[in-house]
Amino acid sequence: MERRVVITGVGLVTPLGIGVDETWTALCAGKSGIGEITRFDASTYATKIAAEVKNFHPEDFLQKKDAKRMQPFLAYAIAATRMAVEDSGLVIDDSNENRVGIITGCGLGGLNLIEETSVIVRKKGPKRISPFFIPMIIGNMAPGMISIYFGAKGPNSSVATACAAGTHAVGDAYNTIVRGAADAMITGGVESVISPCCIGGFNAMKALSTRNDEPHKASRPFDRDRDGFVVGEGSGILVLEALEGALERGAHIYAEIIGYGMSGDGYHMAAPAPNGEGAIRCMRAALANASISHKKIDYINAHGTSTPLNDLYETMAIKEVFKDDALKVAVSSTKSMTGHLLGGSGGVEAVFTAKSIHENIAPPTINLDNPSDECNLDYVPHIARKMNIDYAMTNSFGFGGTNATLILKKYS
């Protein structure tokens, strides 16, 4: 019999708060975590806003020597992991360390440090490069440092599939347990690249919102006045366990993961495939893997970036997959509040989806004042909705045409 996989712990560091309770409360209240950029002088940039993590103190989660030198994305990942592991009650020791693994997703890693170091090299020469430069910029240092901090020595990997990375990581971790290669996995996504090159690069692509005078209204998925996404940062980490192990130790269970789908567009390096063709195949693959009909799905946490093509094509894909039931399913984009955490978004949104099932609440899509004519699904506008959620889907789609979908259900 195939092993069942459940979520027993969650941790969050987001623009809405430090910790699951603070973030979830703000999310359900429809608060925005977007404001003016403070990480660098953005006065000459077309986009001057972002969703920054606030009031985060690395020393609360890291050893003092690491807190001073560690890149933000690594600090966020360790902090969210500490929350998730403590929440799960999982004890990692000599008896199980080889059966607890880590897979996390990250899109751009230590881009901030790359930018800073390139300036140092030009001004002062190569001898001034820190010996920590290389270890601190690579994305796989997130699962590496988590392993060092928490002693998990099972399967260890990092996923770098742009904005789908976090969801791919959770799906890969799920499969790792299903096939018996581990009994528990620490997984999710992380990103922190609110930097000159990141904002400038996305501006060059015309991908970001320039609603600088109203930051809290800038991320507006499915709205006719959407003008691009808002870069966010943070981390979402989950502890996954084989059901039998979770039951044996009396663990609290948020939800069960039952399906994972992947697809590739084979179309364009940045634009999604027309009509959401790749997303359609991805959602259908996840449903097939879960062995359920689309009719079971009560809620979808959409990719919903607030860009013209993504929102349109994801809507078209949902309509094609769900057919006559498309208008019956609740769909929301939590990016309207958190901004787009790039490689970290899938981990954060997997936590949100698990919480939605556990709490029977669909978070809202804020700023949906005038839905686009083509975007006419039930996007849970403005106000969180108390509703029964037995089955939920979460989507992530990344540059290069890489797509990921997870399906979660209420544990019973």
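The values are calculated or read from the model by the stated rules, or taken from the named source; none is laboratory data. Computed from a predicted model, the values in this text were never measured in an experiment. No Cβ is skipped: glycine too gets one built from the backbone with ideal geometry, and neighbour counts run over all protein chains shown. Heavy atoms of the whole protein, side chains included, go into the accessibility calculation; ligands, DNA and RNA do not. Shrake-Rupley method; radii C 1.70, N 1.55, O 1.52, S 1.80 Å.
Summed over segment 76-98, residues that are over 16 Å from the mean Cα position of the chain (by Cα), assigned to a helix (DSSP H, G or I) and of a type in the set (Gly, Ala, Ser) total 1.
Looking only at segment 65-75, count every residue that is out of contact with any helix residue (DSSP H, G or I) (no Cβ under 6 Å at 6 or more places or on another chain), closer than 19 Å to PRO131 by Cβ and either in a loop (DSSP other than H, G, I, E, B) or open to solvent by 20 Å² or more (accessible area, probe 1.4 Å) (or both) and tell me the total. Of the residues in that region, 4 qualify. Among the residues of segment 151-161, those identified as open to solvent by less than 30 Å² (accessible area, probe 1.4 Å) and of a type outside the set (Val, Ile, Thr) are GLY151, ALA152, GLY154. Go through segment 1-19 and give me each residue that's outside any strand (DSSP E or B), touching a residue at least 12 places away in the same chain (Cβ under 8 Å) and surrounded by fewer than 24 Cβ atoms within 10 Å (Cβ to Cβ). Across segment 1-19, the qualifying residues are GLU2, ARG3, ARG4, GLY19. For segment 99-183, the helices (runs of 4 or more DSSP H) that sit wholly inside it and include 3 or more residues that are of a type in the set (D, E, K, R) are 111-124.
Are any of the residues in segment 378-386 part of a loop (DSSP other than H, G, I, E, B), open to solvent by less than 10 Å² (accessible area, probe 1.4 Å) and either of a type outside the set (S, T, N, Q) or touching a residue at least 40 places away in the same chain (Cβ under 8 Å) (or both)? Looking through segment 378-386, at least one residue is part of a loop (DSSP other than H, G, I, E, B), open to solvent by less than 10 Å² (accessible area, probe 1.4 Å) and either of a type outside the set (S, T, N, Q) or touching a residue at least 40 places away in the same chain (Cβ under 8 Å) (or both).
Here is a check on your reading of the model: is GLY33 surrounded by 22 or more Cβ atoms within 10 Å (Cβ to Cβ) and part of a loop (DSSP other than H, G, I, E, B)? It is true that GLY33 is surrounded by 22 or more Cβ atoms within 10 Å (Cβ to Cβ) and part of a loop (DSSP other than H, G, I, E, B). Considering GLY125, GLY166, the condition of being open to solvent by less than 20 Å² (accessible area, probe 1.4 Å), free of Cβ contacts under 8 Å to residues at least 24 places away in the same chain and of a type outside the set (Lys, Arg) is satisfied by GLY125 alone. TRP24 falls short on exactly one of the conditions (1) part of a loop (DSSP other than H, G, I, E, B); (2) within 17 Å of GLY346 (Cα to Cα); (3) of a type in the set (Phe, Trp, Tyr), and that condition is (1). Reported count of residues in segment 248-257, each being closer than 14 Å to ARG4 by Cα, open to solvent by 20 Å² or more (accessible area, probe 1.4 Å) and touching a strand residue (DSSP E or B) at 6+ places or on another chain (Cβ under 9 Å), is 2.
Does GLY232 fit the bill of being touching a residue at least 60 places away in the same chain (Cβ under 8 Å) and farther than 21 Å from GLU115 by Cα? Considered against the rule, which asks whether it is touching a residue at least 60 places away in the same chain (Cβ under 8 Å) and farther than 21 Å from GLU115 by Cα, GLY232 comes out as no.
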